[in-house]
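K.L.:
First the structure, which I've put down as structure tokens, then a few questions once you've had a look.
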Amino acid sequence: MNRTRTGVRLGMRANLAQFSLLVAVNALVGGVLGQERTVLPLLAEREFGLTGYTVMLTFVLAFGVTKATTNYFAGTWSDRFGRKPVLVAGWLIAIPVPLMLIAAPNWGWVIAANVLLGINQGLTWSTTVIMKIDLAGPQRRGLAMGLNEAAGYGAVALTALVTGYLAARYGLRPAPFLLGASYVALGLGLSTLLVRETRDHAHVEATNHRSRADGRHDHLHAGLTDRQVLAHTSFREPALSSASQAGMVNNLNDGLAWGLFPILFATAGLSVDRIGILTALYPAVWGVGQLATGALSDKWGRKHLITAGMLTQAAALGLTATADTFLVWAIAAALLGLGTALVYPTLLAAIGDVAHPAWRARSVGVYRFWRDGGFAIGALIAGIVADLAGLRAAVWVIAAITAASGLLVAARMYETLPRHQPRSYG
């Protein structure tokens, strides 16, 4: 724990109340996303009569494009205006989403709602990540990210399960989306009234770093422009760019799971409540697993967990493509969740390891731009392949891309955990 003359302290224990509050807030963010996971693909087919997979996945495409773009600006705005205003703005934008999904007379309304949902998720989830990195300081980033992502995706899983039950008992609308509306109201209230600004914590960490480094050299790296941060995170810096491509591919296969898995399960004659169980199992293992994997990455390092996670995801997708029973699909969903748990908090921790505190929020925004761009790319690839060659062929293609991503991490990324590798600021 680091204490300063300004009273700002770094470390999870020193900031336990605010850190715990932000964990709860991110659970609500995840719940808003989870309201769609089981219900919306079935709504597309059963109420709106959509048959083409590419058209059906337009809601994932709209979500991915807007969330990816918003992620980038969330990092920049968090540095410029502060974290809390961006968080509150994200909740305000979420207010119409469940109401539009309940009232939607046509698929265009659903796409419009997902544009707003993408903005909401980009602003709120990005800022909760940045704020937890600010509070935790340099020592426990993996654990901090594990707790953040476990809360978010645990809520996605629980909400997917509950909305599947509500849809089976009361119909696809409105009951499942009323749950989402309650999450928005609670998240907005907590963020407005109780969450405190954390930007000063990043300033303190940057000051502490300067006191340990050569002043002229550190000033050069602390003063990167937005364009330089974009280039470093996307292409130039080996660890940052490796993490960006792996994050993009991770969400590419998550977009597949969100948009097409419920339809695949339905083709085997599974009921809505059983589809809800399978839809929830993957993010449930993902969410719970991150409680362990984030902390393990603080001990074992980042690179090998990321490589293993991407290859595990590829194997799980291959099993999904060959299965045709509830039990085997459940095993595949659990494996997919395990692979994602190995990857998700570890990638964020690696970004925090390498990016300088002065431009870390912007680097997180760029990383999340590429990562959530995977939703849009996955929707396009999966939809086109599914229309041309069938659902299972689409799953196989995404599995191959995921395996290639894991091998690229193994070949290009260096270990970023500070005791293994000196920090590189570009």
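Each value in this text was obtained by applying a stated rule to the coordinates, not by laboratory testing. Small disclaimer: the values here were computed from a predicted structure and weren't measured. Every residue, glycine among them, receives a Cβ derived from its backbone with ideal geometry; neighbour counts consider all protein chains shown.
K.L.:
Please list the radius of gyration and Dmax for the chain, considering alpha-carbon atoms only, with Å as the unit.
P.N.:
According to the Cα coordinates of the chain, Rg and Dmax are 20.4, 66 Å.
K.L.:
Here is a further query. Find how many whole Å separate the alpha carbon centroid of the range 99-124 from the alpha carbon centroid of the range 241-283.
P.N.:
19 Å
K.L.:
Also, quick follow-up: Determine the sum of side-chain charges near Gly294: Lys and Arg each +1, Asp and Glu each -1, restricted to other residues whose C-beta is under 10 angstrom from that of Gly294.
P.N.:
0
K.L.:
Another question, then. Test of understanding: ordering Phe73, Phe265, Phe235 by Cβ neighbours within 10 Å, fewest first, what list do you get?
P.N.:
Result, fewest neighbours first: Phe235, Phe73, Phe265.
K.L.:
Continuing with the same structure: Report the gain in length on full extension from Arg196 to Asn106: 0.36 nm times residue separation, minus Cα-Cα distance, nm rounded to one decimal.
P.N.:
28.4 nm
K.L.:
Taking 0.36 nm per residue of sequence separation and subtracting the Cα-Cα distance, how much length would be gained by fully extending the chain between Ala400 and Leu296, in nm to one decimal?
P.N.:
Value of the extension gain: 34.7 nm.
K.L.:
Same structure, new question: How big is the C-alpha Rg of the range 6-138 next to the rule-of-thumb value 2.2 N^0.38 Å, as a ratio?
P.N.:
Ratio of Rg to 2.2 N^0.38 Å for the range 6-138: 1.22.
K.L.:
Something else about it: Can you work out D for the range 305-378 in µm² s⁻¹ from Stokes-Einstein, where Rh is the Kirkwood radius over C-alpha pairs, the temperature is 20 °C and the viscosity is 1.002 mPa s?
P.N.:
Approximately 156 µm²/s, per Stokes-Einstein.
K.L.:
Assuming R0 = 56 Å, can you tell me the calculated FRET efficiency for the pair His203 and Phe326, based on Cβ-Cβ distance, to the nearest 0.05?
P.N.:
0.60
K.L.:
Note the count of lysine pairs whose C-alpha atoms are less than 20 angstrom apart in the chain, limited to pairs 8 or more residues apart or on different chains.
P.N.:
Lysine pairs satisfying the spacing and distance rule in the chain number 4.
K.L.:
Local charge sum around Trp258 (other residues, Cβ-Cβ under 15 Å, Lys/Arg +1, Asp/Glu -1)?
P.N.:
Spelling it out: positives minus negatives among the neighbours equals -1.
K.L.:
As a check on your grasp of the helix formula, calculate [θ] at 222 nm for the chain: sum -39500 (n - 2.57) over DSSP H runs of n ≥ 4, divide by the residue count, round to the nearest 500.
P.N.:
That calculation yields -27000 deg cm²/dmol at 222 nm.
K.L.:
Show me, bin by bin at 5 Å from 0, the whole-percent P(r) of the range 56-102 based on Cα pairs.
P.N.:
Per 5 Å bin, starting at 0, the Cα pair percentages come out as 5, 18, 21, 26, 17, 10, 4, 1.
K.L.:
On full extension of the chain, what length is gained from Ser271 through Asp226, given 0.36 nm per residue of separation minus the C-alpha to C-alpha distance?
P.N.:
Extra length available between Ser271 and Asp226 comes to 11.3 nm.
K.L.:
For a footprinting-style exposure proxy, rank Met100, Met248 by other Cβ within 10 Å, fewest first.
P.N.:
Fewest-to-most Cβ neighbours within 10 Å comes out as Met100, Met248.
K.L.:
Show log10 I(q)/I(0) for the range 338-426 at q = 0.16 Å⁻¹, two decimals, from a solvent-free Debye sum over equal Cα scatterers.
P.N.:
Rounded to two decimals, the profile gives -0.79.
K.L.:
For a Förster distance of 25 Å, can you work out the FRET efficiency between the beta-carbons of Phe48 and Ala393, rounded to the nearest 0.05?
P.N.:
Once rounded, the FRET efficiency stands at 0.55.
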